[in-house]
Every structure is written in C-alpha cells, then in structure tokens.
Amino acid sequence: MSYRLLSLCTYYEDWLTHYYLDHPEVVHWSYADQMAHLADQHFGNANYMDQHLTQLGVETAQVIWNARPLQDAWAREHSLENLSRTQLILHQLAAFQPTVVLIDGIAFDDPFFQRIRHDIPSVKAILGFLCAPCSDSGIKSLRCCDLILTCTPHFQEKFTQLGIRSRLIYHAFEPSLLPLISKPSSDPGPDLVFMGSLMSGQGYHHTRRDLVLKLLDAKIDFDVFSTVSKPETLTKTALRSGMYDLVQGLRRVGVPPSWIAKVPGLSRALSWSQRPQRDLLFSRINAHLKPPVVGLKMLAALANAKIGFNAHIDAAGEYAGNMRLFETTGVGTCLLTDAKKNMADLFEIDREVVTYRSIDEALEKVNWLLAHPQERAAIAKAGQERTLRSHNYELRSKDLNRHILDLLY
C-alpha cells in the first residue's frame, strides 16, 4: 500500500547562516532550485530516506521550515507573502496533501498539531523524530504525535516510561556518497579527528569535553572540528556567581522562589543548578580548533584521518546510536568510540570498531592503533564493510516504511 509522506525538517541555524553567507545568490532563485542546491550540500541525512522510500512507491516531499529564504521563495511563487511561519507550513501541507507528516525535532506547540489534524484532512498520522534531551514542553508536544522515532534504545526506553509510543531507527550512511568524497592525495592527515559539539549543560557534553581535553594534553596530532565559546570575563563570572549566592541565601532563609523571581536579574539564577564558573575550554583547545564542517567536507575530513574519535552525548546514557558511528566507518576510517551496552548489536568489537570505557583506556587505544597501522587498516576496512552492508539508508527506509504501514493499516 502506498501513501504520501511530507517531512518537516530542521537544519542547524548556525549552518544555515553560514550557508547563505557563502551562497548569497541562492536567495533569488526559485524554490525548486534552492531545494536542489541545499540537497547538494548533503547536510545531515539530507533526503536519502526520501530517495529510497520513493523506490518503495511512496510519494515524498520535504519542507525545511527554518530555511527562511527557501520558505520565502515558496511563498512568492504561491502569492502567500506576509504569512507567519506556521501559516506558511500549513499551506505547504495543504498543497501536498500528505497521508503522513514526519517532524524532525519537536519545535512546535500543541495548537500546531491540532491545526494539522483539523485543516489537512488527508493526514492520517503524525510522526516525530527526536534523539536529544527534551524539555517538559517538548514532552507535551511528543504526546501529540502518533509515533515517535528515535535513534537509541535509551531514548526509546524513556519515551516508553512516559507512555509515549516509540520505535527505534538508528542513523545510517549513504553509500552513494563515497565517489563524491575527495581525499587529499599528498596530505597524510591527522592521527585523530573529532567532530561535534562541546557545549556545556545538563545532559550534553561534559564527558566528551573531558575526553577531548585529555587527548589534547597527551600531545596527539589531533584535529577538533567544533565551535567553542570564548570564556566570559572575570567580572561577568563574578557577577553571575554573586547572583547565584544571593538566590541560594534567600532560599535558605525561607524566601519563596516566586518572590525571588520578581527581582530584576535574579529570576534566571533560580534555574541554575550550580555556581557559575569560568569556562576555559576555548583557551585550552584553541590551537587545535577548526571550524565545523558538514556534508561532503565533513566526510572528507573523517576519511583523511587515521582514527575517528567518538563520544556520545551524556544524555544517551548506556546506549550508542549517534551519526558519527556510521559516518566514520562508512568513509573507511577506523572508529574509536565509547563502549555502550548495544555496541555489539551494531558492530563486532575490536574487529570492526574499537571501544573504550575510560579516558585512560581511550588514550591507550589511540596509541596502540597508531603504532599498529596494518591492524588499524584492517579494522577500518571491516567497519566500512559492516556499515555498507547493515547500516545504510536503504535498509533504514524499509524500517521506516514498515513502521508507517503498521500505523496506517
């Protein structure tokens, strides 16, 4: 049985900003030409799932709802200028008449879901995809979906505990990208490469930051592709620390939080779980820091390294499932990743990938892999073969298709 699937996609705002700065001409192009150019950037999972679903007889469409110039082009071509973002999305849904709407990330409130179901009668199911920490308001939005897809067993377990229907679909690699990846012929490449966020915050990257700093201290030839904020001034840190101390003091003497929230400047400090400290990560990492890259540039940088280093977000818990697992192995680079309960379900440990359980073990295995190039190459080759065979978008699209058909019929 066939159906029509429209995906509401979200691209990173920082990446979109740089994309439009690098390609200012595209804002004047037609909607179709802009979509084609964005697809050529191969951001994230691009439209690989859609391509394979089309081969299964599914009619697909994408709306990159936070790419404003793209949305403006669609509005111009349909004489719908000056609409709000939500209104424009609803018009795009109405134009395509999807059976299923898949929302990548939860960035909409309850009324939006109600509008979809009320205004677009063709919609029989709304799916969400989420693989990151979720706020209380986000969880409320998750409950508006008929099914939530996620990329690790950890998040699936959390959703199940919340009574939210969910299914597991791991990330993947698209084999058709391999001929497009250009590897420098003369540059031997770094010994180790890391790509990803290093932000602070509960559930995010504290463990990852510690690992990266330990490897940097070991004087390994290490390229880090990330964005790290410059440390705030001592004065600002002292001011924020003073606000925190004041709030804690007021709470200890029995002042209600609702009263504290009325004091200008103190309401923010109510939510701080610890005393602010000056983040010196930028100063320590700056010499090794390279600007983030995406798409083919990111894959080429991974392919050019001897070892790809991976560390999951703190909120992933005991389970693996981020995109770097499949991107690193997919391009044929040896993957060193944190040991998780389900790694053996994805790869054969020490034959297809290498894992670590501590900072010291990660450093030990980096040195061993660098000292044994033949063994490292064999692991990289086996890892790539496994990913191309078992973790490709064609297989993932079949999983998605099965889940949707189960939901519809």
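The values are calculated or read from the model by the stated rules, or taken from the named source; none is laboratory data. Not measured: the values here are computed from a predicted model. As a convention, Cβ positions derive from the backbone with ideal geometry for all residues, glycine included, and neighbour counts pool all protein chains shown.
Name the residue that is modelled with the highest pLDDT, counting only residues in the stretch 154-184 that are touching a Phe, Trp or Tyr at 6+ places or on another chain (Cβ under 7 Å) and more than 24 Å from Gln384 (Cβ to Cβ). Don't jump to the end; show me each part of the working.
The initial filter retains those residues of the stretch 154-184 that are touching a Phe, Trp or Tyr at 6+ places or on another chain (Cβ under 7 Å), namely 154, 166, 171-174.
Now restrict to residues that are more than 24 Å from Gln384 (Cβ to Cβ): 154, 166.
On the way: His154: 90, Ser166: 94.
Top of the filtered list is Ser166.
Return yes when Ala61 is assigned by TED's automatic domain parsing to the domain that holds Asp146, small (Gly, Ala, Ser), touching a helix residue (DSSP H, G or I) at 6+ places or on another chain (Cβ under 8 Å) and closer than 20 Å to Ile404 by Cα and no when it is not. Answer is yes for this residue.
The residues of the stretch 78-131 that are among the basic types (Lys, Arg) and in contact with a helix residue (DSSP H, G or I) (Cβ under 8 Å, 6 or more places away or on another chain), listed by number, are Arg85, Arg115, Lys124. Exactly one residue among Thr355, Thr387 is among the β-branched types (Val, Ile, Thr), modelled with pLDDT of 95 or more, within 21 Å of the chain's Cα centre (by Cα) and buried (at least 19 other Cβ atoms within 10 Å of the Cβ), and that residue is Thr387. Residue-level analysis places Leu239 outside the set of residues that are on the phi < 0 side of the Ramachandran plot, part of a helix (DSSP H, G or I), modelled with pLDDT of 70 or more and over 34 Å from the mean Cα position of the chain (by Cα).
Considering the stretch 303-320, the residues that are out of contact with any helix residue (DSSP H, G or I) (no Cβ under 8 Å at 6 or more places or on another chain) and in a loop (DSSP other than H, G, I, E, B) include one that is farthest from Met343 (Cα to Cα), namely Asn304. With respect to the conditions (1) closer than 30 Å to Leu177 by Cβ; (2) in contact with an Asp or Glu (Cβ under 8 Å, 6 or more places away or on another chain); (3) buried (at least 17 other Cβ atoms within 10 Å of the Cβ), Ser30 falls short on a single one, namely (3).
Looking at this structure, is Ala339 out of contact with any Cys (no Cβ under 7 Å at 6 or more places or on another chain) and under 27 Å from Phe43 (Cβ atoms)? No; evaluated as a whole, the condition is false for this residue.
Residue-by-condition table, conditions (1) among the small types (Gly, Ala, Ser); (2) at pLDDT below 90; (3) more than 22 Å from Ile106 (Cα to Cα):
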| site | (1), (2), (3) |
| --- | --- |
| His18 | no, yes, yes |
| His28 | no, no, yes |
| Gln34 | no, no, yes |
| Gly57 | yes, no, yes |
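Filter the strands (runs of 3 or more DSSP E) completely within the stretch 133-195 down to those with at least 3 residues that are hydrophobic (A, V, I, L, M, F, W, C). Full working, then the answer.
On the way: elements: 147-150, 166-168, 192-195.
Because the criterion is at least 3 residues that are hydrophobic (A, V, I, L, M, F, W, C), the strands (runs of 3 or more DSSP E) in the stretch 133-195 that meet it are 147-150, 192-195.
When the residues of the stretch 197-236 are filtered to those that are among the β-branched types (Val, Ile, Thr), more than 22 Å from Ser358 (Cβ to Cβ) and surrounded by fewer than 16 Cβ atoms within 10 Å (Cβ to Cβ), the one that is modelled with the highest pLDDT is Thr227. In the stretch 246-282, the residue that is modelled with the lowest pLDDT out of those that are part of a helix (DSSP H, G or I) and surrounded by fewer than 10 Cβ atoms within 10 Å (Cβ to Cβ) is Ser271.
Summed over the stretch 1-25, the residues that are over 16 Å from Gln62 (Cβ atoms) and in contact with a helix residue (DSSP H, G or I) (Cβ under 6 Å, 6 or more places away or on another chain) give a count of 0.
The residue list Asp338, Asp350, Asp345, Asp314 contains one member that is without any contact (Cβ under 8 Å) to a residue 12 or more places away in the chain and either small (Gly, Ala, Ser) or out of contact with any Pro (no Cβ under 6 Å at 6 or more places or on another chain) (or both), which is Asp345.
When residues in the stretch 40-72 are screened for being part of a helix (DSSP H, G or I) and either under 17 Å from the mean Cα position of the chain (by Cα) or crowded, with 19+ Cβ neighbours inside 10 Å (or both), 7 of them pass.
For the stretch 93-119, a tally of residues being in contact (Cβ under 8 Å) with a residue 40 or more places away in the chain, assigned to a helix (DSSP H, G or I) and under 26 Å from the mean Cα position of the chain (by Cα) returns 1. Scanning the stretch 283-302 for residues that are in a loop (DSSP other than H, G, I, E, B) and at pLDDT below 85, we see that the one that is farthest from Ala382 (Cα to Cα) is Pro291. Taking the stretch 15-49 as the range and being out of contact with any His (no Cβ under 8 Å at 6 or more places or on another chain) and in contact (Cβ under 8 Å) with a residue 60 or more places away in the chain as the test, the residues that pass are Trp15, Gln41, His42, Phe43, Gly44, Ala46, Tyr48, Met49.
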